[in-house]
Amino acid sequence: METKRIIMDDKAVNRAIARISYEIIEHNKGTEDLCIVGIFSRGVPIGRRIAAKLSELEKNDVPFGALDITPYRDDSRSAGEDEKTDIPFDITDKNVVIVDDVIFTGRSSRAAIDALIKRGRPRNIQLAVLVDRGHRELPIRPDYVGKNLPTSHSEVVKVSAMEIDGSDGVAIY
């Protein structure tokens, strides 16, 4: 794939994560009963950073978990793989913020909601994404968006995370 253009560099990614964190605090009136759950794969490092920023700003620990939505997707099935979900806390009656890197059709978000509900009954579920590229197939809208990025169906949006790829950024291919 040929890089068409760089949309966000590491500084822009960090600013977006900080902005999303402040919006989460404002919307939830603090971080009491709040937890963050990142979707594998790049939603996990982004979510972990948001949880750390929230903890830093509010001076209390915000629980973080990682969610594997593979078994809950309606557009692909992978047989024989072990689920990698790691949510070491009870989500019942909590405000859960699901974090993903890019929202496109909304199918990953729907799968994440299904996967969470299997683990308990949250008070509410919110969605934070680094990039919203439009083209929804389901009536799902993120509560927190780092960058709105109108794209064509033929374009590919790639998020790079330092923890996985060695650098932070967003590019269109």
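I'd like the antiparallel share, as a percent to the nearest 5, of DSSP beta bridges with both residues in the chain.
Rounded to the nearest five, the antiparallel share is 30 percent.
Rounded if a/c is under 1.5, else prolate if a/b beats b/c, else oblate: with a ≥ b ≥ c from the C-alpha gyration tensor eigenvalues square-rooted, which is the chain? Intermediate values should be presented prior to the final figure.
On the way: a/c = 1.63, a/b = 1.17, b/c = 1.39.
Oblate.
Per the helix-only calculation at 222 nm, which mean residue ellipticity applies to the chain, given -39500 (n - 2.57) for every DSSP H run of n ≥ 4 and division by its residues, nearest 500 deg cm²/dmol?
Working: 4 runs with 50 residues, N = 173.
My calculation for the chain gives -9000 deg cm²/dmol from helical runs alone.
Of all accessible surface on segment 1-145 at a 1.4 Å probe, what whole percent is carbon and sulfur?
On the way: 3550 of 7610 Å².
Carbon and sulfur: 47 percent of the exposed surface of segment 1-145.
Considering only protein heavy atoms, what per residue accessible area in square angstrom results for the chain with a 1.4 angstrom probe?
Values: 9010 Å² over 173 residues.
Dividing the accessible area of the chain by its residue count gives 52 Å².
Hey, got the dipole for the chain? About the Cα centre, +1 on K and R Cβ, -1 on D and E Cβ, debye to the nearest 20?
Working: 26 positive and 29 negative charges, 86 e Å.
Roughly 420 debye for the chain.
Give the peptides 66-72, 5-11, 90-96 in descending order of average Cβ contacts within 10 Å, highest first. Please report the intermediate quantities before stating the final value.
Working: 66-72: 20.1, 5-11: 13.7, 90-96: 16.9.
Averaged packing, sorted descending, gives the order 66-72, 90-96, 5-11.
Could you sort LYS53, LYS84 by their accessible area in this structure, using a 1.4 Å probe and putting the largest first? Provide the component values of the computation, followed by the final result.
On the way: LYS53 55, LYS84 110 Å².
If we order LYS53, LYS84 from most to least accessible, we get LYS84, LYS53.
The values are calculated or read from the model by the stated rules, or taken from the named source; none is laboratory data. Keep in mind the model is a prediction, meaning the values are calculated, not measured. Because the Cβ atoms are built from the backbone with ideal geometry, glycine has one as well, and the counts that use them run over all protein chains shown. To get the accessible areas, we keep the full protein, side chains included, count just its heavy atoms, and leave off ligands, DNA and RNA. Shrake-Rupley method; radii C 1.70, N 1.55, O 1.52, S 1.80 Å.
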